[in-house]
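To start, the structure itself, in structure tokens.
The values are calculated or read from the model by the stated rules, or taken from the named source; none is laboratory data. This one's a predicted model, so the numbers in the text were calculated from it and none came from an experiment. For neighbour counting, all protein chains shown are included, and Cβ atoms are generated from backbone atoms with ideal geometry for every residue, glycine included. The protein model used for the area step is the full one, side chains on, heavy atoms only, and it has no ligands, DNA or RNA in it. Shrake-Rupley method; radii C 1.70, N 1.55, O 1.52, S 1.80 Å.
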Amino acid sequence: MKKVIALVVLLAACRTPSQVIIPEQPAPQSSHLVVQGTVRYIDNTVPPYPFWVEVELVELLDDGRAGALIAKMMVESPRQMPVPYSLRIHRQNIDLTKNYGLIARVFVPNQTAPIWQNREPQPAIVRGDVRAIDIIVERIVR
């Protein structure tokens, strides 16, 4: 009987322990989203100096047009194009079921209207997925 008990104890000791699977914890989410990229123009024309660049994040309507303004920034007197931008948006200001786009405009002094602008908002946040966007602006012909 002692041999049987010793054999059972020996076999139990040789058994590989069962693996405990611990699920990965999701990384904590930041309270902000960052949309970044550059603004550049399609042609080789250099804006007169000084100039400034305005970038807006807007809600995109179902037809792709710009809706409500969510965030805005201005880069004053950049030395050259392309101009880097970075918009930091609080997550509470974004509805993750909607889409958001970027509008960029280039202004020069003594003119209230931009001289360059992108034709339509560039999708930047699509159902919560943030994309880095290089916005191409074109000369506005008046």
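Can you tell me which residue within the range 70-81, out of those that are of a type in the set (D, E, K, R) and in contact with a strand residue (DSSP E or B) (Cβ under 8 Å, 6 or more places away or on another chain), is least open to solvent (accessible area, probe 1.4 Å)?
72
Among the residues of the range 127-138 satisfying the criterion of being modelled with pLDDT under 90 and open to solvent by less than 30 Å² (accessible area, probe 1.4 Å), which is farthest from residue 41 (Cα to Cα)?
Here the residue is 128.
Here is a list: 106, 141. Which entry is among the hydrophobic types (A, V, I, L, M, F, W, C) and exposed (fewer than 15 other Cβ atoms within 10 Å of the Cβ)?
From the options 106, 141, the qualifying one is 141.
So, of the residues in the range 31-69 that are in a strand (DSSP E or B) and of a type in the set (Phe, Trp, Tyr), which turns out to be surrounded by the fewest Cβ atoms within 10 Å (Cβ to Cβ)? Spell out the reasoning first.
To start, the set of residues in the range 31-69 that are in a strand (DSSP E or B) comprises 32-41, 52-60, 66-69.
Then keep just the ones that are of a type in the set (Phe, Trp, Tyr); that gives 41, 52.
Details: 41: 21, 52: 17.
That would be 52.
Tally time: how many residues in the range 82-102 are open to solvent by 30 Å² or more (accessible area, probe 1.4 Å), under 19 Å from residue 119 (Cα atoms) and hydrophobic (A, V, I, L, M, F, W, C)?
0
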